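First up is the structure itself, then whatever we jot down about it.
The values are calculated or read from the model by the stated rules, or taken from the named source; none is laboratory data. Here the structure is a predicted model, which is why all the values come from computation and not from measurement. When we count neighbours, we look across all protein chains shown, and the Cβ atoms used for this are built from the backbone with ideal geometry, even at glycine.
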Amino acid sequence: MAILSLRRRRSTAISVAAIAGATAVGVCLAVGGASAGTVSGPLYRDPSSAVVRWVAANPGDSRAAVIRDKIASQPQARWFANFNPSTVQSEVSGFVGAANAAQQIPVLAVYEITNRDCGGASAGGAPDLNQYQTWVSNFARGLGNQTVMIILETDSLALLTCLNSGEISARNQAITTATRTIKSANPNAKVYLDGGHSTWNSAGETANRLRAAGVQYADGFFTNVSNFNSTSGEANFGRSVISALNGMGISGKRQVIDTSRNGGASGDWCGDDNTDRRIGQYPTTNTGDSNIDGYLWVKPPGEADGCRYTAGSFQPDLAYSLANGAPNPPTTAPPTTVPPTTAPPTTAPPTTAPPTTTPPNTSPPAGDGCYASVAVNQWAGGFTASVTVTAGKSDINGWTVTIALPGGTAVTGTWNAQASGTSGTIGFTNVSYNGRVLGRQSTNFGFQGTGTGPGATATCAAS
């Protein structure tokens, strides 16, 4: 659609591989200390990014000093966008390990969802959603246990025009499962889902899509990776999305904003030929806004959108256009909030907070067969339920999960399973692609409905 293409910019489609021996640039980083969001600390500057490598290889280029000082000096996201299930764990571990050693927070952009970019300039991704989950599981194993920020699947929720309703449901479940897989592997991981941008879908529609994709399990959402809208406009949009999520009973979610190229004109989706844009606010977790966890450079400045150049390729003329005339980065980031003057409380806070609900037992059965656990997100008048099916010590080739729903509850949609009914006691049976589950491994399905969601109790029978 012409209107859509004018409102949207496609995202990068390559992962920058680490290159040993790249020369680092000795410029102070623009990072924050105290933060008004939930993330605090300096962001990691990758010493082997494409822009750093270009600067090191082209010291005599007339553009090099500007690109070095205003772009290569800054922390940017590392994109993981190659389908490489056998090597992705070691690549992630190396990148995160270097950030941990520097005592800085790495930003990782995951871009591997099946049918990404609806076949556009950044087409690709995992061959199917089962292989996607394998890739994500391997990705998650490399994350360590310190704070990391994950930008999960740019455009995956804002751009759905090429998917039918069944494919949308399957994608939502895949993103939900990916989020939970990452959080399970590293509880300190901050995971953000695709919120599009302020001139794409409405805040209410964005909130609906985030809810369907499991934002309740994530830390929030990201915006502006696929456009150049102003930071203030994105922040206002983010507040509206958060308000809509709160109205659905999903609270505590926060936004991150891509400011890598929003320092000038907005408008057409492709940045390859636009010379009116500049880099925006320098990356920091010190946002001074309790709704915003970070201003990040997710889309690396200087990497192409796929119009004039190959999507994701670094182009020095694009980088120079963005950096030339832009402000210099601050050598320090002053705090944006004044510390309180009140004395600390005289009573000691409790060392642990008691859980408000009893978590289900997620241990797989000791013998054969299967086990099912249910996690429910409830809001006024409705719910979504995510069900994890785990095989026992032996492989299974099919499963049926039986769940009893409270009176007055009705199922309105199911993904990754077939339901025997819509109310009362319902049997959910595997579909063709997720019936086989290896021993001690898991698969997921979900459903949504009106009324009160089920409890954590479910029975699983292997076929």
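Quick notes on this one:
- Looking at Asn208, Asn224, just one residue is touching a strand residue (DSSP E or B) at 6+ places or on another chain (Cβ under 8 Å) and not assigned by TED's automatic domain parsing to the domain that holds Val376, and that residue is Asn224.
- Residues satisfying the stated conditions in segment 113-159, i.e. part of a helix (DSSP H, G or I) and touching a helix residue (DSSP H, G or I) at 6+ places or on another chain (Cβ under 7 Å): Leu129, Tyr132, Gln133, Trp135, Val136, Ser137, Asn138, Phe139, Ala140, Arg141
- If the condition is being free of Cβ contacts under 8 Å to residues at least 40 places away in the same chain and either farther than 15 Å from Gly446 by Cβ or in contact with an Asp or Glu (Cβ under 9 Å, 6 or more places away or on another chain) (or both), then segment 388-421 contributes Gly407, Ser420, Gly421.
- Qualifying position, being surrounded by 15 or more Cβ atoms within 10 Å (Cβ to Cβ) and modelled with pLDDT under 95, among Ser15, Ser73: Ser15
- Odd one out for Asp46 among (1) at pLDDT below 95; (2) touching a strand residue (DSSP E or B) at 6+ places or on another chain (Cβ under 6 Å); (3) not in a loop (DSSP other than H, G, I, E, B): (3)
- Among the strands (runs of 3 or more DSSP E) confined to segment 160-261, the ones with at least 2 residues that are of a type in the set (Phe, Trp, Tyr) are located at 220-223.
- Inspection of segment 19-37 finds no residue satisfying the criterion of being at pLDDT 95 or above, buried (at least 16 other Cβ atoms within 10 Å of the Cβ) and not in a helix (DSSP H, G or I).
Yes or no, residue by residue, for (1) without any contact (Cβ under 8 Å) to a residue 12 or more places away in the chain; (2) of a type outside the set (Gly, Ala, Ser); (3) more than 20 Å from Ser184 (Cα to Cα); (4) crowded, with 17+ Cβ neighbours inside 10 Å:
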residue	(1), (2), (3), (4)
Ala99	no, no, yes, yes
Gln104	no, yes, yes, yes
Asn130	no, yes, no, no
Gln133	no, yes, no, yes
Asn138	no, yes, no, yes
